[in-house]
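The values are calculated or read from the model by the stated rules, or taken from the named source; none is laboratory data. Just so you know, these numbers come straight off a predicted model, no measurement behind them. In this analysis, Cβ positions are derived from the backbone assuming ideal geometry, glycine residues included, and neighbour counts consider all displayed protein chains.
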Amino acid sequence: MSWGVELWDQWDNVNVHTQKGIDFCERYVHFIKERSAVEMDYASKLKKLVKNFHPKKREEDDCSFTWSHAFVDMLKEVFDMAGQHEVIAENLVGTVSKNLQDLIQELKADRKKYLQEGVRLQDQLKQYHMQLEKAKRKYEKAFYESERALDNYRKADADINLSRAEVEKHRIVMNGKTQQCEESKNEYAAQLQHYNNHQNEFYSQSMPQVFQ
């Protein structure tokens, strides 16, 4: 069984869950951008530090000493480290952040598409249910009227004071109401079958496909 089938009755939960996923991605993009700014600022400060402490021309005579060479080498390493942080910052904004933003746009478009489809399917099922209820009320009314017409005919037929014409009139009304009741019954049965088929398709196929 696919997870789409298992989630057929979790529409609201899936709706909230997918929005939380998008919210998290957007929050992570903000984190990436802020981290990139921190990395770039750190690289800038490292370079400034190297510049401030790099031996001036008047100090070049001291560069022949071992301790001076070691210090200059360390400054070069710090400068290289600054460059690495700049690369990290550029990759975060240029690659990671961009890819995430593209993913977010894709997720938003898919979510909107499938939510609209889900709403359409639910509205469609509601329309079928409304048609079923309308057919049911029509049948109930026709059944009540046919029963009343039958009762009126039986009373008229048993009434010796009524003419044959009056009795025949009640019989015609009874037959008409009986026919209407049968037609309404068949219409209600057809609507019930139609609704049951659509409801089964809705829960077993249509909505699971939306969730997938």
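Looking across G176, G94, one residue alone is in a helix (DSSP H, G or I) and closer than 30 Å to Q19 by Cβ. It is G94. Taking the residues in region 157-186 that are more than 20 Å from Y144 (Cα to Cα) and among the β-branched types (V, I, T) as candidates, determine which candidate is nearest to the chain's Cα centre (by Cα). Filtering region 157-186 for residues that are more than 20 Å from Y144 (Cα to Cα) and among the β-branched types (V, I, T), the one nearest to the chain's Cα centre (by Cα) comes out as V167. Scan region 27-40 and give yes if some residue there is at pLDDT 95 or above and more than 44 Å from the chain's Cα centre (by Cα), otherwise no. Scanning region 27-40 turns up no residue that is at pLDDT 95 or above and more than 44 Å from the chain's Cα centre (by Cα). When A165, A135 are checked against the criterion of being exposed (fewer than 13 other Cβ atoms within 10 Å of the Cβ) and either outside any loop (DSSP other than H, G, I, E, B) or among the aliphatic types (A, V, I, L, M) (or both), a single residue qualifies: A165. Is one or more of the residues making up region 2-20 within 21 Å of K113 (Cα to Cα) and at pLDDT 90 or above? Among the residues of region 2-20, at least one is within 21 Å of K113 (Cα to Cα) and at pLDDT 90 or above, which makes the answer yes. Using the structure shown, decide if K126 is assigned to a helix (DSSP H, G or I) and surrounded by fewer than 14 Cβ atoms within 10 Å (Cβ to Cβ). When the stated conditions are applied, K126 passes them.
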